[in-house]
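The values are calculated or read from the model by the stated rules, or taken from the named source; none is laboratory data. No experiment lies behind these values; they were computed from the predicted model shown. Glycine gets a Cβ as well: all are built from the backbone with ideal geometry, and neighbour counts include every protein chain shown. Side chains included, ligands, DNA and RNA excluded: accessible areas come from the protein's heavy atoms. Shrake-Rupley method; radii C 1.70, N 1.55, O 1.52, S 1.80 Å.
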Amino acid sequence: MLRLAPVLALTLMLGPVAAGLFGTLLPAAGYVPALGSDTVSLAPLRMFLAQPGIGLSAALSLGTGLAATFGAFAAVVLFTAAFEGTRFFCIIRRLLSPLMAVPHAAAAFGLAFLIAPSGFVMRLLSPWATGFQRPPDVLIVGDPLGLTMTLGLMAKEIPFLFLMLLAALPQADPVRSRRVAASLGYAPVAAWLTTVLPRIYPQIRLPVFAVLAYATSVVDVALILGPTTPPPLAVRLTGWMNDPDLSLRFMASAGALAQLSLSLLAILLWMIGERLAASLGRRWIESGRRSAAEHLAAAVSGSAMALLAAAMLSGLALLALWSVAGPWRFPDPLPDVLTLRAWTMHASAAGNAIATTIAIALPVVIVAIALALACLEGETRDGRTIRHRSLPLLYLPLIVPQIAFVFGLQVLFLMAGLHDTLLAVALGHMVFVLPYVFLALSDPWRAVDPRYGHMAGALGASPARTFWRVRLPLARKAVATATALGFAVSVAQYLPTLLIGGGRVSTVTSEAVALAAGGNRQLVGIYALLQMLLPFAAFLLAAAVPGVAHRRRRENETTA
């Protein structure tokens, strides 16, 4: 059975991607007999290209995606080069690690509440510094260039890239590398960039591509922070896919393939940038320079990371404050009263959304954990690791833009009679949960000393008993953390829930994003806060459960 686990895992991850792309390709070519079109043509593509402002929408998606990815990558790399090993580095690391569990939409709402014209920053400055007695008529959230959206994407992707880089650092032995470079006269930042970065970049390259693909095709953050005239390409595609006019599905499918091409173009441009950076880096090293704007790099990257952490934490605190705020008029810095009125009014609807969210996430996470453990246990028993061969396949569902294949999945589920069901939505979530669970669990599992298993086998334990009684207890913390991470990933899914669920499956994320267009900040605060609290609750349980299980096991052994 263990030999079938990798095949099943890859089928659940890559099968929906391939089937979804096929399901998108057919309507993009004008062939969907169920909708009355049984001839192949380029009419959907021509219709898509004829839409007003479509070029600007594509340029917005490409520009904001590249800018957000480069900004997040540069901030993480320069900050690590300038501050690794310092107390400030440890503080930022502790602040950013939990922020990775915050869903994109919740982070975007928090940022909007902070920097909007009627946001908390403007309230603190008004009227004593600005003279404003009412919110200024300035387009900050939803600006035409997508600057706020780019900032929001950077704020959410920096914690992810930072943790990916931290995971890769031990393999580059940064302390000794910097010491050797320092003995040759290199300043700290220059030493890190020349000796550490070239060795760890190949290991974080796939996560960077995943961030780039997500940033160029994001929908939920774009709906909250992005421009509207015109919106980014993925937002327009989502609108066409949900339109009651079924003829728009053909055009939307052609646009989904265009979105896929756009994300691949962004990755191609990034790869060209990699070659250019490598060439410039070689010239810089050959020039013999021993510094790289040390003070400027430290000041800019340190300020950026500190501001990011402060903005994220402040935004999340504002979500909690708005959810219990009574009348809160501009420019009052705080609400007049705190009340639970909004919570009591919407408790029933919020409870249903929470129940649906958990009903989807729990089975998905359980299946994902079981498959990941089966794959890793099979590796252990066979004595071989498939890390390098499987890693690109694991990242494939994260690199292919969701909107390029989720719509095709919607069509296929419709044909199979599974549309608008929890099962279909759960299968859609599985595509994204399984890679994260496997990536979070694989390294800790492989780090378990194999001699424990060998000793158990020498004492007569069967392979199954060795797994349940030896290896699994040793990896219980990693299993609990991977479970919480998978739960957080499922909670954060917006596009698969919206499209595959057909608008009939309401989770806290889909409800929160749907409320973005409304002006009820109390209600937005409630759902965004719930969206944030569910993953935090999962991580708290993940921290507590291994200790409880360990104590019970010791008590049972003592009693026996």
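Scaled to the globular estimate 2.2 N^0.38 Å, the Cα spread of the range 426-514, given as radius of gyration, is 1.51.
Loop-located trypsin sites (Lys or Arg not before Pro) in the range 465-560 (DSSP state other than H, G, I, E, B) with a sparse environment of at most 14 neighbouring Cβ atoms within 10 Å: Arg504. Annotation for the range 234-282 versus the range 1-78: alpha-carbon center distance of 7 Å. Electrostatic bookkeeping for Leu498 treats Lys and Arg as +1 and Asp and Glu as -1; over the other residues with beta carbon under 14 Å from its beta carbon, the sum is -3.
Considering only DSSP states other than H, G, I, E and B, which trypsin sites (Lys or Arg not before Pro) in the range 1-103 qualify as loop sites with at most 16 other Cβ atoms within 10 Å? Walk me through the intermediate numbers first.
Working: sites: Arg3, Arg46, Arg87, Arg93, Arg94; in loops: Arg3.
Sites meeting the loop and neighbour criteria: Arg3.
Please list His550, His429 in order of solvent-accessible area, largest first, computed with a 1.4 Å probe with all protein chains present.
Details: His550 80, His429 5 Å².
Result of the area sort, largest leading: His550, His429.
Among the chymotrypsin sites (Phe, Trp or Tyr not before Pro) within the range 124-195, which fall in a DSSP loop and have no more than 10 other Cβ atoms within 10 Å of their own Cβ? Passing sites in the range 124-195 are Trp128. Taking other residues whose beta carbon is less than 13 angstrom from the beta carbon of Ala75, and scoring Lys, Arg as +1 and Asp, Glu as -1, yields 0. Taken over the chain, the percentage of Cα pairs per 10 Å bin, counting from 0 up to the bin with the maximum distance, is 3, 16, 25, 26, 19, 9, 2, 0, 0.
The phi torsions of the range 14-24, fed into the Karplus equation with coefficients 6.51, -1.76 and 1.60 and a -60° offset, translate into couplings of 8, x, x, 5, 5, 5, x, 4, 5, x, 7 Hz, rounded to whole numbers, with Gly and Pro shown as x.
Which shape class applies to the range 473-527: rounded if a/c is under 1.5, otherwise prolate when a/b exceeds b/c and oblate if not, where a ≥ b ≥ c are the square roots of the Cα gyration tensor eigenvalues?
Judged from the Cα gyration tensor, the range 473-527 comes out oblate (a/c at least 1.5, b/c at or above a/b).
Projecting the alpha carbon convex hull of the range 1-157 along each direction and taking the average yields 17.4 nm². Scaling the Cα radius of gyration of the range 105-235 by the globular reference 2.2 N^0.38 Å produces a ratio of 1.45.
For the range 481-495, putting each phi into the Karplus relation 6.51 cos²θ - 1.76 cosθ + 1.60 with θ = phi - 60° gives couplings of 5, 5, 4, 5, 5, x, 4, 5, 5, 5, 4, 7, 5, 10, 5 Hz, in residue order, rounded to whole numbers and with x for Gly and Pro.
Note on Tyr31: accessible area approximately 90 square angstrom, rounded to 10, probe 1.4 Å, nucleic acids and ligands left out.
Can you send over the solvent-accessible area of Ile358, 1.4 Å probe, protein chains only, in Å² to the nearest 10? Ignoring ligands and nucleic acids, Ile358 comes out at about 60 Å².
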